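Everything below concerns the one structure shown next.
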Amino acid sequence: MIKLENKLYSSTEVAEILGVSLRSVYRYLEEDKLTAEVKTATGRHRFTRQNIIDFLYPKGIPEEEQAKINAQEGTDEDDEPEIEEDEEEIKPAPKVEVHIKEEPKKEEPKVEVSEEESVDWLSKFREAAKKFEDEPEVAEKVEEVTGLASDVIEGTTEGSQEMFYYRSRLGGLKDIAQNIDKTARNSGLDYAFTMNAGLSLYKPISPFSVLHAYIRSKDKDFFERILTLTPSDEGNAQLCLVVSDEDSIYKGIDELHGLKVVEKKRLVEDIGELDEKLLKEAEGILQ
């Protein structure tokens, strides 16, 4: 019997405990074989000890193992679970066009629990997770721009493009991608995924952290509002909107798994310009 501490585990820790790859953990989640007690605002999962036990023993815990678990819980009952800070957790950036002074973080009041008091740890997990999601941190510095853009090429005239980076309150990359497609179809707007997002629609690739999608310049404000986007720097972004009014991008799209992606030739060109390491893998997949 693996000794599990009474805390919240990251996806990487669960993969190590189960002896499987991180991709397998994600697959178990999609197939509802594994349940995550907490999902953060950035789409990351956190698992309780009970989530792991339920996965290991889907038909119930044998009496011998249950005795060991009960003994283990007896030694852990006074340990308050901690929410471990994810090294890759991203600070959501606030609205731009204003200067915001850094505000000191409020210290959470300490709650003393007597040894004889019964504590509902599951409620504590959920309260902590909700508080973690609902309290965005104040960025140290805000630039006076209407969106943090990079790789600007000749404004937004036809044939040029401009890249804007964002974070979204909608959740993870899958949620954002599905909402882009739904929003565009319901409103009759053009869009097309490119870079890692586009390549992944042809064949599974290594995990990535940013979606790239082409949109027209007239639709930028609409997507920002509907997708609840907040401008971000490139290193912390979840989404990059590539603003371009070049008609050939939207006329030559392909549709895979219900999502729109630029044609193969354009996809290879985009990857070659922005990510040379990914280019070799892309050529192998798209040839």
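The values are calculated or read from the model by the stated rules, or taken from the named source; none is laboratory data. What you are looking at is a predicted structure, and each value in this text was computed from that prediction instead of being measured. Quick reminder, even Gly has a Cβ in these numbers, built from the backbone with ideal geometry, and neighbours come from all protein chains shown.
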field: Complete set of residues in segment 174-197 that are in contact with a Ser or Thr (Cβ under 8 Å, 6 or more places away or on another chain) and crowded, with 21+ Cβ neighbours inside 10 Å
entry: Ile176
- prompt: Out of all the residues in segment 234-269, which are assigned to a helix (DSSP H, G or I) and within 20 Å of the chain's Cα centre (by Cα)?
  reply: Glu234, Gly235, Asn236
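Condition test on Lys260, is it in contact with a Leu (Cβ under 6 Å, 6 or more places away or on another chain), surrounded by 13 or more Cβ atoms within 10 Å (Cβ to Cβ), of a type in the set (Lys, Arg) and assigned by TED's automatic domain parsing to the domain that holds Asn186? Reasoning before the result, please.
On the way: in contact with a Leu (Cβ under 6 Å, 6 or more places away or on another chain): no; surrounded by 13 or more Cβ atoms within 10 Å (Cβ to Cβ): yes; of a type in the set (Lys, Arg): yes; assigned by TED's automatic domain parsing to the domain that holds Asn186: yes.
So Lys260 fails the test.
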query: Which residues, counting only those in segment 209-233, are under 11 Å from Arg167 (Cα atoms) and assigned to a helix (DSSP H, G or I)?
result: Glu224
field: Selected residue [touching a Gly at 6+ places or on another chain (Cβ under 7 Å) and either in the same structural domain as Ser21 (by TED's automatic domain parsing) or surrounded by fewer than 18 Cβ atoms within 10 Å (Cβ to Cβ) (or both)] from Glu246, Glu255, Glu234, Glu269
entry: Glu246
- prompt: What residue, among those in segment 29-68 that are buried (at least 19 other Cβ atoms within 10 Å of the Cβ) and hydroxyl-bearing (Ser, Thr, Tyr), is nearest to the chain's Cα centre (by Cα)?
  reply: Thr42
message: Conditions first: (1) more than 18 Å from Leu278 (Cβ to Cβ); (2) assigned to a strand (DSSP E or B). Gly171 passes all but one, so which condition is the exception?
response: (2)
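Only one residue in Leu267, Leu211, Leu274 is in contact with a strand residue (DSSP E or B) (Cβ under 7 Å, 6 or more places away or on another chain) and modelled with pLDDT under 90. Which one? Quick ask: steps written out before the conclusion?
On the way: Leu211 fails: modelled with pLDDT under 90; Leu274 fails: in contact with a strand residue (DSSP E or B) (Cβ under 7 Å, 6 or more places away or on another chain).
Residue meeting the stated conditions: Leu267.
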message: Between Ser168, Ser160, Ser217, Ser200, which is buried (at least 18 other Cβ atoms within 10 Å of the Cβ), out of contact with any helix residue (DSSP H, G or I) (no Cβ under 8 Å at 6 or more places or on another chain) and of a type in the set (Gly, Ala, Ser)?
response: Ser200
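What number of residues in segment 174-208 are part of a loop (DSSP other than H, G, I, E, B) and either touching a Gly at 6+ places or on another chain (Cβ under 8 Å) or at positive phi (or both)?
Going through segment 174-208 one residue at a time, the tally reaches 1.
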